[in-house]
Amino acid sequence: MPMKTESDVWLETEISSLFSRYAACIDGDRLEEWPEFFVEQCCYKIQSRENYDRKLPISAMECDSKNMLVDRIVSLREANIFAEHMYRHIISIPLILSKSDNEITTQTNYLVISTLQSGISHIFSAGRYQDRLVRIDGQLKFVERIVIFDTNSIRTQIVTPI
Amino acid sequence: MIGAKSGFNNNSINWPDESEGGYRVPYGVFTDENVYREEQKNIFRGPLWSFVALEAEIPNRGDFKSTFIGDVPVVVVRSNEGEVNVLINRCAHRGAAVCRKLRGNTSYLECVYHSWAYDLDGNLTGVPFRRGVRGKGGMPSDFSMAEHGLKKINVQIINGLIFGTFRSDTPDLETYLGARMVSAIKRIFNREIKVLGDERQRIHGNWKLYAENVRDPYHASLLHLFHTTFGLYRSTQVGSCVMDEMGRHSLLVASQGTSSKDDDEEAYSNQRSFNSKFELQDPSLLKGKREFDDDISLVILSIFPNLVIQQISNTLAVRQIVTYSPNEFELVWTMFGYEDDDDEMRRIRIKQNNLIGPGGLISMEDGEAVELVNRAITHGGGDSSFIAMGGGKAESADHLITEGAIIGFWQYYRQLMPT
C-alpha cells in the first residue's frame, strides 16, 4: 500500500469532518440546512441492499435535485405524520475509494439509532454511504450520496434522511 | 350479503350488537393471542387463497422465492417443467427450514441438517445413510421415500399473480376473487410486468388494522396530507368503493381531474393543515403519464386476507401482509412496471416511487396510524371501535366517504372464525 502523503491525511480529515457535520445537522434537527451539503444537480438515494445487490432501481427515497431535498424536508415539516423521534448517527472513518482533480469517491459505514418519545432507543438503520464529492468554491459537496441499508425491514416508516 | 352474527362469542371476544346504526369491533380481536392462533388456522390455513408471489419474480426454471402464508414458511419455486409449486419450507424429517435463502435458482432443495434432498416438486430424492453403514443403522426397511416429501399446497395463478391454499375445498381462484376483482386485476396485469424492486416495512401492530386501513377511503385525504396539499387525490374527486359479493375484497378507485381547487378549499375549510399554497420546488416528482384507457389515477384493491394491489398515478405495486404475532406484521411491497416500458416511463415510475412505500410521501403515515391504534388498544378491556361512516353497513358506495368495506371485511372474517 502506498505511503499516505500529507495531503491525503488532510483530505481524509476534511471528509471526516464533513460527514460529522452532516450527521450533526440531521441529529440536531437542523434539517432545513441539510440540502446545503449537496450540489444543485445531485442524487440522494436511500436504497435497500436487497435492491442494490440485485441492481433493481427502487429506493425508499430518491431525489435527483437539491430542490427535491428541500421538498422532502418541507413535506416532513408540513404534511407528513410520524412518531416523534431523534436520530443519532454513528459513522466510521471514510474510506477513500478514488480521487481525481474534480471528484472523490468514498464509502463509509453508518449506524442510526432512533429514540422515540417513550425514551426507548433502537437501531433504526445500519448500512453504508457511497458518495461522490466535488469541491465547489473550496467546499466539498455531495454530487451523489447513496445510502445502502442492511436493515432491510424498515421499522414503521422512514421520514428523516440518513 | 350474509347477515352478521350478532353478539356471538369467540374466544371470549364479545361482539357488540349492531343496534345503534354502526358497527363495532371489539379491540380484543386485535390483541388476543388465541384469536391470532385461530386466524392462522381458519384464515391463513383456511379455505381461501393467499398471495405468495408474482410469476415475474421466478421467471426461470429453478427460480425460487421464500415467503410466508400467515406465519407458515413456504417456498415458491418454478419446477423443471416450468410449473409453479408452493412447498412448505419444512423438512419432512425433523422440521428444519430447507430453503434458507430469500431468492435464488436451484435444481434441488437440500436440508442442511441431515442432507435430506428434494426435487423442485417436493419429492424426497435422497436420505443419507438410508441403508445404514456396513449393515448397521439406517431407516426401517418399510420407509417409503414417496411418503416423505415436502408438503405441497394447491396453487392457482391469475395473470401472473400466484396464490396458494392449504385446503382442497377452497373454491377456484376466480370464483374466490369474484368478477369485479378479476377484472380489476386484469386491468393492471394486462401484459408482461417487470419487477423494479421490493420494500419492506415492519409494523408493530395487528395485521387487521392494516386490512381496515386499505379498505378505508375516508382516511386518505385526512391522514395523508401530502395529497390534499398537492391535489393528487381528494375526497371531492369522483371515486367509488365496491366489494365482491361476500364483502371480503374491496376495490377503491379514484379518478383524476374531477375536482377543482376551489371545491376543495370549501370542503376542507374546517380541516387541519389544508394549505393549497404549498408548492413543490421540484414538481418533476408529480410528472406522470396516462397509461390506461380510463381516467383512473388510484386503485387500492384489497384481496382477503393478505394482498393489496395498487396503482397510484404511475406507481404499480403489490403489498403482501406477513403476520408475525398479534402485534407485529411485515408489509412487503413489490414495485413493478411493464416489460415494454420505455426509459421515460421507467424513470417516471422510479421517481413517483417517492410517493409510496415506507418512505412514501403519501403512504408513510399508514404504519404510524396502525401503531397509534395498537398502542392505545393494547389494554382495551371490553371496549370497541365504532364504524358508521357512509351508513354503517357493508355496502358498496359511489363515493369515498365510507367505511362500508371495513364492515364487509369483518362480516366475512367472522364467518371464518369459530363461533
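The values are calculated or read from the model by the stated rules, or taken from the named source; none is laboratory data. Computed from a predicted model, the values in this text were never measured in an experiment. Glycine also receives a Cβ, built like all others from the backbone with ideal geometry; neighbour counts cover every protein chain displayed.
Given the conditions (1) under 18 Å from A:D27 (Cβ atoms); (2) without any contact (Cβ under 8 Å) to a residue 24 or more places away in the chain; (3) small (G, A, S); (4) in contact with an Asp or Glu (Cβ under 9 Å, 6 or more places away or on another chain), which single one is not true for A:G127?
Every condition holds for A:G127 apart from (2).
Looking at this structure, is B:A394 in a loop (DSSP other than H, G, I, E, B), crowded, with 19+ Cβ neighbours inside 10 Å and either touching a helix residue (DSSP H, G or I) at 6+ places or on another chain (Cβ under 9 Å) or not assigned by TED's automatic domain parsing to the domain that holds B:K289 (or both)?
For B:A394, the condition - in a loop (DSSP other than H, G, I, E, B), crowded, with 19+ Cβ neighbours inside 10 Å and either touching a helix residue (DSSP H, G or I) at 6+ places or on another chain (Cβ under 9 Å) or not assigned by TED's automatic domain parsing to the domain that holds B:K289 (or both) - is met.
Out of curiosity, is B:I348 hydrophobic (A, V, I, L, M, F, W, C), part of a helix (DSSP H, G or I) and in the same structural domain as B:A254 (by TED's automatic domain parsing)?
yes
Would you pick out the residues in segment B:44-68 that are aliphatic (A, V, I, L, M) and either surrounded by fewer than 21 Cβ atoms within 10 Å (Cβ to Cβ) or assigned to a loop (DSSP other than H, G, I, E, B) (or both)?
If the condition is that a residue be aliphatic (A, V, I, L, M) and either surrounded by fewer than 21 Cβ atoms within 10 Å (Cβ to Cβ) or assigned to a loop (DSSP other than H, G, I, E, B) (or both), then B:L48, B:A56, B:I58 are the ones that fit.
Output the residues belonging to segment B:149-167 that are assigned to a strand (DSSP E or B) and either surrounded by 17 or more Cβ atoms within 10 Å (Cβ to Cβ) or touching a helix residue (DSSP H, G or I) at 6+ places or on another chain (Cβ under 8 Å) (or both).
Hits for segment B:149-167 are B:I153, B:V155, B:Q156, B:I157, B:I158, B:L161, B:I162, B:F163, B:G164, B:T165.
How many of the residues in segment A:27-36 are out of contact with any strand residue (DSSP E or B) (no Cβ under 6 Å at 6 or more places or on another chain) and in contact (Cβ under 8 Å) with a residue 24 or more places away in the chain?
Summing the residues that are out of contact with any strand residue (DSSP E or B) (no Cβ under 6 Å at 6 or more places or on another chain) and in contact (Cβ under 8 Å) with a residue 24 or more places away in the chain in segment A:27-36 gives 5.
Residues A:I81, A:I26: which one is of a type in the set (V, I, T) and either more than 10 Å from every other protein chain (Cβ to nearest Cβ) or within 12 Å of the chain's Cα centre (by Cα) (or both)?
One residue alone meets the criteria, A:I26.
Within segment A:133-148, take every residue that is of a type outside the set (A, V, I, L, M) and more than 11 Å from the chain's Cα centre (by Cα) and give me the one that is nearest to the other protein chains (Cβ to nearest Cβ).
A:K141
At least 3 residues that are over 23 Å from A:L11 (Cβ atoms) and not charged (D, E, K, R) in each: list the strands (runs of 3 or more DSSP E) lying fully within segment A:26-111 that qualify.
Here the list reads A:38-48, A:85-91.
Tell me which residues, restricted to segment A:38-58, are within 7 Å of chain B (Cβ to nearest Cβ), touching a helix residue (DSSP H, G or I) at 6+ places or on another chain (Cβ under 9 Å) and crowded, with 20+ Cβ neighbours inside 10 Å.
A:I58
From the list B:W207, B:W116, which residue is under 30 Å from A:F149 (Cα atoms) and away from chain A (no Cβ under 14 Å)?
Only one candidate qualifies: B:W207.
For residues that are within 14 Å of chain B (Cβ to nearest Cβ) and in contact (Cβ under 8 Å) with a residue 40 or more places away in the chain, scanning just segment A:88-122, find the one that is nearest to A:W34 (Cα to Cα).
The extreme case among them is A:V112.
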